[in-house]
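Here is the structure we will look at, set down as structure tokens.
The values are calculated or read from the model by the stated rules, or taken from the named source; none is laboratory data. What you are looking at is a predicted structure, and each value in this text was computed from that prediction instead of being measured. Using ideal geometry, Cβ is built from the backbone for each residue, glycine included, and neighbour counts are taken over all protein chains shown.
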Amino acid sequence: MELIYLTDDIDAVVERILSDNELDNCGLGKRKVTRCLKSFSGDEIACSVFFKKYALRDENNIILESTLEEAKERWAKTVSEAENLFKRKKGRFLKPSPYEYFRELYEYFLPAGRQMFALGNTYVTKATYTNCYVTKIEEDSIEGIFNAAKKIARTYSYGGGIGLCIGELRPAQSKVSNSAKFSTGAVSFMELYSRTTGLIGQLSRRGALMITLPVSHPDIEEFIEIKHNNIDKVKHANLSVKMTDDFMHAVMDNKDFTLKFVTQHETLEKTIKARELWNKIVKSARDSAEPGILFWDRAVETSPSEVYPSLRIHSTNPCGEEILEPGGACMLSSLLLHKFVKKPFTNEAQFDYELFSEMVKRGVRHLDNIVELNMDRHGLEEQKKASQLGRRIGLGVTGLGDMYIALGVKYDSAEALKLAEQIMDTKRRAEYGASIDLSIERGPFPLFDPNKHFTRGFAATLPEELIKMAKLHGLRNVAISTVAPNGSLSIIAQCSSGIEPIFALKYRRFVEMGQKEKKRFIILHQGLARFLEVHPSNSNGDSWSTDLSDLPNYWVVAHEIDYKNRVKLQGIIQKYTDAGISSTINLPRDIDAETVGQIYIDAWKEGLKGITVYREGSREGILLTDEFAKLAGSPTMDTAIYCVRAEGGDKFYIMISYKNKDIKNPYQVFVLNYKRSEHDSFIKISNSLIKMLLESGVPQKRVDKYITRSTNSLAKLTRFISLSMKTENLEKAVDILEDHAFVGTLAYQLHDILSKSVAVKSVVCRNCGGSNMRMEEGCMRCLDCDWAGCT
């Protein structure tokens, strides 16, 4: 095995990047890729993500930048030019020059992805600098429903993600004034928004969508269970329930709870046991990683914009950290916490509070400049208006896990909690001070009212000296702080993401080295690589053990950390953050539903605005048991049943049996079609499967037995797919299906279903084959290549 982070074998890594299909015809050559790799210390994943997502491209899709440093120069030039958009008051000039002021900032701070891509990009004019928005279904009507879909599509076309609440839509079986007589319900329209998301392309990704529903809506049970054990339902959206304190108290006291919706025709009410609904939410979250939880009363109660009617919050962005008004937008960025550690990995390591405070101030100024630069880059007029009225920004942090390690502090320790409080208090004071300074210089946000702003919520908890100064001079921004998940950003920054612990210290990756050869590599977490540069040997002077068990005890990873500590840490950070926090608690496969429920209750008690959990493997299962399993010949196996239309509209029932309810281990497939369809394509695919199986070493006698038992072409096809499963040749069979998988064919449907088993086999990435998979806000994401399963 070889170490390929900080590798000496640059040439081999260069060839892999150049052979990546996503980077074809982009003008990359060996020299440009080598420069990029060296700038990232040989980090192949960071280099690939930079080229695919953030490097500047011209009108012919040619990549023009070789390094992140070149991109930083582009950002600094553009953001410094924004200084000219504001009238200067006497004596207020940036020192050093505006360009140097922001260029230095970018050594300790990174803008969010849309900014990294679009700042100074003259080749793409219809691209927003904003990662996230919220929209509203303005009326409970067909026009309102489809107008929302139109707004979502327009937002995606400009590069933004979006969130909406479907709570305005009446529940199923309520009266309507059209020929249908009764509504199909709020949940029935989720697929429309999900499919819209899946259709609109963005460079190297798809649009992102969050759908929320109040817990009091009569359709809440259907909403909760729509994705339970079925990853094909509403697959382009994350889901969250808007919890109320009344509901949580009813759960705690085991009382009844009323679901209610009022229309012009009627009032619909249904009384349920709160704890029964709670158990459904918890079970679905445990089994399927959704829905997430939003403590909506807490969000409303603490929102600094709630005193302004046009800025009252409505839903969240796709990852849940930004709680926004209809049309609301937020400019995001993150400070790289590990960069503020002086003398890292030594006994003299310290956090540089003075430097941190300075860069917080610069970060606020950067974001306020971006708000101005983006005024004419929103996809919708309502988005521009909301941005003008509130000038909302979201300054976050990332690399907390790496910062703790660099300081020699254990993530789940009392010292870590104390340190987080000190850092976040410093951040709050600096960022609100910076917003006051900008208000003096440029004026407050247009709706600012000193008599209202500090009467409630987060603003009322600010230090007294800040409130006094803000009342006198105003605030430039209605809200300032957040914590985003920072998946791709942290890959570029080469650190742990957001406030998450380090996910793994090392992991395996299998790389194709030719048509028949795969080579196994070991990749180290970047922070560990930095540590080994300072400490090439352990305290005894010996080389570190292969399993890294002799590392200092402050080296802990996600699965070793008690969830109670994670909730407490998030609670502390939330206390100093005016928006929300995107963070996922990763749990072991054998965690029970009761523990998941307790996590949610603890989060509510700690004052969190929302929380997401991911149980290992919960996104891999889509199994349903059914009497059809007997038809597949395996009544003791769990079987997933799919009803699909194919081959001219015929209805096919596809039954896949799995060993031990594990989607990674399909055992056989059975397809039922009452018209007894016969198609030439079935014969062609079967012949290709037979050839593949014989070449793979399956005995001729066994193949002949399967041919004899096949009564028609469809039976023959399914029998040889089953034989491929049993002989560990499923991946090759899926490749054959893909060759014949034209839209509308059975091969297309079979490929769509079976490719999921290949994708999660050994819990590896479908894109790069890496094993470093994690769940971030309801989406399986590969930390090797940044592939996301829901995009």
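Within region 34-56, residues that are β-branched (Val, Ile, Thr) sit with their Cβ atoms under 9 Å from residues that are surrounded by fewer than 19 Cβ atoms within 10 Å (Cβ to Cβ) and in a helix (DSSP H, G or I), at 6+ positions apart or across chains, in these pairs: 34/10; 34/11.
Listed here are the residues, each with its yes/no results for (1) surrounded by 24 or more Cβ atoms within 10 Å (Cβ to Cβ); (2) under 30 Å from residue 260 (Cβ atoms); (3) touching a His at 6+ places or on another chain (Cβ under 7 Å); (4) not basic (Lys, Arg).
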| residue | (1), (2), (3), (4) |
| --- | --- |
| 98 | no, no, no, yes |
| 105 | yes, no, yes, yes |
| 112 | yes, no, no, yes |
| 143 | no, yes, no, yes |
| 148 | yes, yes, no, yes |
| 154 | no, no, no, no |
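Figure legend. Inter-residue proximity from region 428-455: first residues under 16 Å from residue 481 (Cβ atoms), second residues aromatic (Phe, Trp, Tyr) and at pLDDT 95 or above, beta-carbon distance below 7 Å, spacing 6+ or different chains. Indicated pairs: 428/576.
Residue-by-condition table, conditions (1) under 30 Å from residue 643 (Cβ atoms); (2) in a helix (DSSP H, G or I); (3) assigned by TED's automatic domain parsing to the domain that holds residue 186:
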| residue | (1), (2), (3) |
| --- | --- |
| 234 | yes, no, yes |
| 240 | yes, no, yes |
| 250 | no, yes, yes |
| 265 | no, no, yes |
| 275 | no, yes, yes |
| 278 | no, yes, yes |
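Evaluation of residue 375 against the conditions (1) of a type in the set (A, V, I, L, M, F, W, C); (2) crowded, with 24+ Cβ neighbours inside 10 Å; (3) over 17 Å from residue 582 (Cα atoms) shows that the sole unmet condition is (2).
Of all the numbered requirements in (1) closer than 30 Å to residue 642 by Cβ; (2) assigned to a strand (DSSP E or B); (3) touching a Lys or Arg at 6+ places or on another chain (Cβ under 8 Å); (4) not acidic (Asp, Glu), residue 227 misses one, and that requirement is (2).
Restricting attention to region 299-319, does a residue exist that is under 21 Å from the mean Cα position of the chain (by Cα) and among the aromatic types (Phe, Trp, Tyr)?
So far as region 299-319 goes, no, none of its residues is under 21 Å from the mean Cα position of the chain (by Cα) and among the aromatic types (Phe, Trp, Tyr).
If only residues of region 37-72 that are small (Gly, Ala, Ser) and surrounded by fewer than 18 Cβ atoms within 10 Å (Cβ to Cβ) are counted, the one that is modelled with the highest pLDDT is 39.
Checked against the criterion of being over 28 Å from residue 286 (Cα atoms) and under 18 Å from the mean Cα position of the chain (by Cα), region 168-186 has no qualifying residue.
The single condition among (1) closer than 20 Å to residue 125 by Cβ; (2) out of contact with any Ser or Thr (no Cβ under 6 Å at 6 or more places or on another chain) that residue 350 does not meet is (1). Annotation: of all residues in region 655-694 being among the basic types (Lys, Arg) and at pLDDT 85 or above, the one that is surrounded by the most Cβ atoms within 10 Å (Cβ to Cβ) is 684.
Only one of the listed residues (127, 149, 76) is touching a residue at least 12 places away in the same chain (Cβ under 8 Å), farther than 23 Å from residue 52 by Cα and not aromatic (Phe, Trp, Tyr). That residue is 149.
In region 399-455, the qualifying residues are those that are in contact with an Asp or Glu (Cβ under 7 Å, 6 or more places away or on another chain) and closer than 30 Å to residue 558 by Cβ, and the one that is surrounded by the fewest Cβ atoms within 10 Å (Cβ to Cβ) is 409. Only helices (runs of 4 or more DSSP H) whose full extent lies in region 417-503 are considered here, and the ones with at least 1 residues that are closer than 30 Å to residue 53 by Cα are 487-493.
Of all residues in region 593-642, those satisfying the criterion of being modelled with pLDDT under 80, surrounded by 17 or more Cβ atoms within 10 Å (Cβ to Cβ) and in a loop (DSSP other than H, G, I, E, B) are 616, 617, 618, 619, 620, 621, 622, 623, 632, 634, 637. Reported count of residues in region 581-590, each being in contact with a helix residue (DSSP H, G or I) (Cβ under 7 Å, 6 or more places away or on another chain) and part of a loop (DSSP other than H, G, I, E, B), is 2.
Total residues in region 466-480 satisfying the condition of being surrounded by fewer than 18 Cβ atoms within 10 Å (Cβ to Cβ), hydrophobic (A, V, I, L, M, F, W, C) and under 18 Å from residue 307 (Cα atoms): the figure is 1. The conditions of being surrounded by fewer than 16 Cβ atoms within 10 Å (Cβ to Cβ) and more than 17 Å from residue 643 (Cα to Cα) are not met by residue 732.
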